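A.B. asks: I'd like to ask some things about the structure below.
The values are calculated or read from the model by the stated rules, or taken from the named source; none is laboratory data. Just so we're clear, the structure is a prediction, and the values are computed from it rather than from any experiment. Heads up, the Cβs are rebuilt from the backbone with ideal geometry, glycines too, and the neighbour counts pull from every protein chain shown.
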Amino acid sequence: MNSNALVKKILVLASNPKNTSVLALERETRDIREGFKRADNRDRFQLETRGAVRSEDLRRAMLEVKPHIVHFCGHGTGSQGLVLEDDNGREHLASTEALANLFGLMSDRVECVLLNACYSEVQAKAISEHINYVIGMSHEILDNAAIAFTVGFYDALGAGESIESAYKWGCNAIQFKMSGRSIPRKAEVVGATPKVEIPEHLKPILNKKENLSPLKISLDNSHSKLHQISTWNYLSSLKGHSDWVRSVAFSSDGKTLISGSNDETVRLWDLETRQPIHILTAHEKRVKCVNFSQDGNMLVSASADSKIKLWDRKTGKCERTIATSSNSATILNAISISPNGGIIASGSASTQGLIKLWNLETGKRQAAIVAHNSSVLSLAFSPDGQSLASGSKSGIIKLWHLSNVNEPLYIIDHAHLSDVLSLAISPDNQTLVSSGADRTIKLWNLANGEKKPPHILYGHAGRVWCVAISPDNTKIASASADYTIKIWDLHTGEQLNTLTGHLGEVRTVAFSFDGHLLASAGDDMQIRLWQAC
């Protein structure tokens, strides 16, 4: 790429709060990315995505990315504003005035704003006082029409068209989408096909600033610079699952990776060929957790129907099934395998907050712990195999010593505001790392449960589904509902990298045993491999 060429940054912001109708936002972001992959001018665009966007996330993303084009996909309400999320993932309205003022602060850089949300013309008109081109929707727009416009618009940009021309290409894409649906498959006289007009409620509105201002954009090679300072490079993707991927883990020899998915399968992947070795299909519900036995000879998986299965790594044969509950409706949320490989701990969604310990060789239960007053969501054994940490839906963390599971060693009340989604213990047995639905990562002294500086790591814009600690005891990797993976310094709390590329929530992340590879996976059904450099 020409080092003097301008790299245009496109920031895609997605918001679909819990209490609003479900939109195909993952498909929309995927189609944008796939379109640029095919474009002749793809090296001139850098795409950044953020999900589960709150108002503070919107501001931070604008400051961090410094975009030239901002694309919002989600819900609009007309004069009341655009629908973002609050800290609990519910609806929070961003007012027209606040949005206009925000873009006024970015008027010297942002050249186009696309509000792909119903009734967003009000905001588009207000923002166009500061930004040269703003596209909004005057009425309600259906998912298919919104996505069709997006594809047509960015295909044209990728081909080198201007924004005004790209707008026309987007409108034309809606016409094609409509004509495919509205014209019946019957014989017609040539030339008699009716003209397809876009109904008013489906046609986006292009608003232009009255006096278009030249943008003060430096012609730096920011895309290349970004990759030069990154310590992790995208390597490749493993594709094959047909639903969310919930869990991944590397084998100790570094040759294979195991994954579990909502598609009810477990897959064992050859990391050299990037192809599945086994596709294991004996589970009857979504697979929530997977791992390897300590010796690497067995694959362990747990599904929502309360069953743990042990598979022979070489043959893929299911050797043993452990029913962790007599009630198959009791959802199994988490498992952890002790470092000596002898014990599997399981945590359930029962109101008693039960933890059960199982002998890996025999499948027999060794102990049952009434651990929490709400569902157990996360478990982690200490590296010495002597302790087990548990996190609950009510935000409490407890540490248990296996020599006496009747009383916890300590309790951390209000560790997180709500769900403790993931736990990890450092290789030196000193630090407990937790992550939660409150979008934070926290560090605790494993010896006593006290806060350990730096205590709270902020930066994610959505739930932090998973945390992992590097084998060299220096880094934390976190996977979030904001579509990103972040790398942190374990000792200083500094945010080192943000890895983007997933087109949905990232549910799981894992380091290889040598620390040179990182695997991430989530709602876009693909496993992405990253290599340290």
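A.B. asks: For Lys177, indicate whether it is among the basic types (Lys, Arg), in the same structural domain as Leu47 (by TED's automatic domain parsing) and at pLDDT below 90.
C.D. replies: Numbers: among the basic types (Lys, Arg): yes; in the same structural domain as Leu47 (by TED's automatic domain parsing): yes; at pLDDT below 90: yes.
Against the criterion (among the basic types (Lys, Arg), in the same structural domain as Leu47 (by TED's automatic domain parsing) and at pLDDT below 90), Lys177 qualifies.
A.B. asks: Right, another one. Is the stretch 351-362 home to any residue that is under 23 Å from Met298 (Cβ atoms), polar (S, T, N, Q) and without any contact (Cβ under 8 Å) to a residue 60 or more places away in the chain?
C.D. replies: Yes: the stretch 351-362 contains one or more residues that are under 23 Å from Met298 (Cβ atoms), polar (S, T, N, Q) and without any contact (Cβ under 8 Å) to a residue 60 or more places away in the chain.
A.B. asks: If Asp428 satisfies every condition in (1) acidic (Asp, Glu); (2) under 16 Å from Trp465 (Cβ atoms); (3) modelled with pLDDT of 95 or more but one, which is the exception?
C.D. replies: Just one mismatch for Asp428, condition (2).
A.B. asks: Residues that are modelled with pLDDT of 90 or more and in the same structural domain as Ala173 (by TED's automatic domain parsing): which helices (runs of 4 or more DSSP H) entirely in the stretch 1-119 hold 3 or more of them?
C.D. replies: Those helices (runs of 4 or more DSSP H) span 55-65, 96-105.
A.B. asks: What pairs come out if I take residues in the stretch 141-168 that are assigned by TED's automatic domain parsing to the domain that holds Val12 and pair them with residues that are among the aromatic types (Phe, Trp, Tyr) and surrounded by 18 or more Cβ atoms within 10 Å (Cβ to Cβ) whose C-beta lies under 6 Å away, six or more apart or interchain?
C.D. replies: Final answer for the pair search is Gly152/Trp169; Ala156/Trp169; Gly158/Phe36; Ile163/Tyr133; Ala166/Phe153.
A.B. asks: Continuing with the same structure: Looking only at the stretch 441-459, count how many residues are outside any strand (DSSP E or B), in contact (Cβ under 8 Å) with a residue 12 or more places away in the chain and more than 22 Å from Ala14 (Cα to Cα).
C.D. replies: Qualifying residue count, the stretch 441-459: 4.
A.B. asks: Looking at (1) buried (at least 23 other Cβ atoms within 10 Å of the Cβ); (2) modelled with pLDDT of 95 or more, can you tell me which one Thr256 breaks?
C.D. replies: Condition (1) is where Thr256 drops out.
A.B. asks: Taking the stretch 494-533 as the search range and keeping residues that are among the small types (Gly, Ala, Ser) and part of a strand (DSSP E or B), which one is surrounded by the most Cβ atoms within 10 Å (Cβ to Cβ)?
C.D. replies: For the stretch 494-533, the residue satisfying everything is Ala521.
A.B. asks: For the stretch 367-405, which residues satisfy the criterion of being more than 22 Å from Ala468 (Cα to Cα) and touching a residue at least 40 places away in the same chain (Cβ under 8 Å)?
C.D. replies: Leu402, Val405
A.B. asks: For the stretch 319-369, enumerate the residues that are of a type in the set (D, E, K, R) and either assigned to a strand (DSSP E or B) or under 22 Å from Phe250 (Cα atoms) (or both).
C.D. replies: Of everything in the stretch 319-369, those that are of a type in the set (D, E, K, R) and either assigned to a strand (DSSP E or B) or under 22 Å from Phe250 (Cα atoms) (or both) turn out to be Glu319, Arg320, Lys356, Glu361, Arg365.
A.B. asks: When the residues of the stretch 460-485 are filtered to those that are modelled with pLDDT under 95 and in contact with a Ser or Thr (Cβ under 8 Å, 6 or more places away or on another chain), which remaining residue is farthest from Leu13 (Cα to Cα)?
C.D. replies: If we take residues in the stretch 460-485 being modelled with pLDDT under 95 and in contact with a Ser or Thr (Cβ under 8 Å, 6 or more places away or on another chain), then Arg463 is farthest from Leu13 (Cα to Cα).
A.B. asks: Moving on. How many residues, within the stretch 286-295, are part of a loop (DSSP other than H, G, I, E, B) and surrounded by 16 or more Cβ atoms within 10 Å (Cβ to Cβ)?
C.D. replies: Total satisfying the criteria: 3.
A.B. asks: Taking the condition in the same structural domain as Val248 (by TED's automatic domain parsing) and in contact with a Leu (Cβ under 7 Å, 6 or more places away or on another chain), does Leu457 pass?
C.D. replies: In short, no.
A.B. asks: Checking Leu417 against (1) within 31 Å of the chain's Cα centre (by Cα); (2) at pLDDT 95 or above, only one condition comes out false. Which one?
C.D. replies: Single failed check for Leu417: (2).
A.B. asks: In the stretch 126-162, what residues are over 30 Å from the mean Cα position of the chain (by Cα) and assigned to a helix (DSSP H, G or I)?
C.D. replies: Ala126
A.B. asks: Still on this structure, I have one more. I'd like to know if the stretch 475-491 contains one or more residues that are part of a loop (DSSP other than H, G, I, E, B), touching a residue at least 24 places away in the same chain (Cβ under 8 Å) and farther than 28 Å from Leu268 by Cα.
C.D. replies: Within the stretch 475-491 (the criterion being part of a loop (DSSP other than H, G, I, E, B), touching a residue at least 24 places away in the same chain (Cβ under 8 Å) and farther than 28 Å from Leu268 by Cα), the answer is yes, since at least one residue qualifies.
A.B. asks: Based on this model, can you work out whether Ser390 counts as assigned by TED's automatic domain parsing to the domain that holds Ser426, over 18 Å from Trp444 (Cβ atoms) and hydroxyl-bearing (Ser, Thr, Tyr)?
C.D. replies: Considered against the rule, which asks whether it is assigned by TED's automatic domain parsing to the domain that holds Ser426, over 18 Å from Trp444 (Cβ atoms) and hydroxyl-bearing (Ser, Thr, Tyr), Ser390 comes out as no.
A.B. asks: Is one or more of the residues making up the stretch 300-313 surrounded by fewer than 15 Cβ atoms within 10 Å (Cβ to Cβ), free of Cβ contacts under 8 Å to residues at least 40 places away in the same chain and closer than 20 Å to Ser259 by Cβ?
C.D. replies: yes
A.B. asks: Give the residues of the stretch 356-400 that are at pLDDT below 95, within 16 Å of Ile322 (Cα to Cα) and buried (at least 20 other Cβ atoms within 10 Å of the Cβ), sorted by residue number.
C.D. replies: Leu360
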